[in-house]
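I have placed the structure first, in the form of structure tokens, so that the comments after it can refer back to it.
The values are calculated or read from the model by the stated rules, or taken from the named source; none is laboratory data. Keep in mind the model is a prediction, meaning the values are calculated, not measured. Neighbour counts are summed over all protein chains in view; Cβ atoms, including those assigned to glycine, are modelled from backbone coordinates with ideal geometry.
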Amino acid sequence: MPLGILLVLVIGGIAGITLMMHLAGKSRVTQLTPDVAKAAWLRHVPGDEVVDVTITNDGHTALIRTPAGNGLVWSFGADTVARHLQDFDWLDHPKGFEVRFHDFGTPRVLIHLDDTERQHWHNQMEPA
């Protein structure tokens with residue numbers, strides 16, 4: 001088979017699969033609720049005990065309180081990511097807070113907060 005035809009088939013196949021996944025709703029960002037955030041946390045950190053869950057108004061980030069300390073769950077496309085809030089820096093950002101983890105695998109996350117949420121999240125994330 002000529003290379004030009006093979007290239008068209010491969011590019012067309014990838015574009016077709018991408019379009020089908022998008023039309024099937026698989027490209028939507030996960031919307032977090034307290035139950036979804038708790039289940040996501042327990043999927044990432046099995047056996048942990050969730051004490052409290054605080055969700056941002058946009059539904060894309062959750063602050064998880066556990067006996068071992070606080071953690072974050074956030075939407076990453078159609079999936080979630082969860083990390084304990086250990087060894088991190090957080091900075092004010094015009095859209096909320098930016099959390100910079102000292103971890104190569106998870107460099108940073110931007111938590112979108114409105115003005116009413118900002119103080120509450122600031123108090124909750126303050127190191128003890």
TODO: Would you check if there is a residue in segment 98-106 being over 13 Å from the mean Cα position of the chain (by Cα) and either in a strand (DSSP E or B) or modelled with pLDDT of 90 or more (or both)?
DONE: yes
TODO: Collect the residues in segment 83-96 that are touching a Lys or Arg at 6+ places or on another chain (Cβ under 8 Å) and either outside any strand (DSSP E or B) or of a type in the set (A, V, I, L, M, F, W, C) (or both), keeping them in residue-number order.
DONE: Phe88, Trp90, Leu91
Task: Subset of segment 81-128 [surrounded by 10 or more Cβ atoms within 10 Å (Cβ to Cβ) and among the β-branched types (Val, Ile, Thr)] - done: Val81, Val99, Thr106, Val109, Ile111
Task: All positions within segment 51-62 that are surrounded by 12 or more Cβ atoms within 10 Å (Cβ to Cβ) and either of a type in the set (Val, Ile, Thr) or more than 19 Å from Pro107 (Cβ to Cβ) (or both) - done: Asp52, Val53, Thr54, Ile55, Thr56, Asp58, Gly59, Thr61, Ala62
- [ ] Kindly check whether there is at least one residue in segment 19-28 that is in contact (Cβ under 8 Å) with a residue 60 or more places away in the chain and outside any loop (DSSP other than H, G, I, E, B).
- [x] no
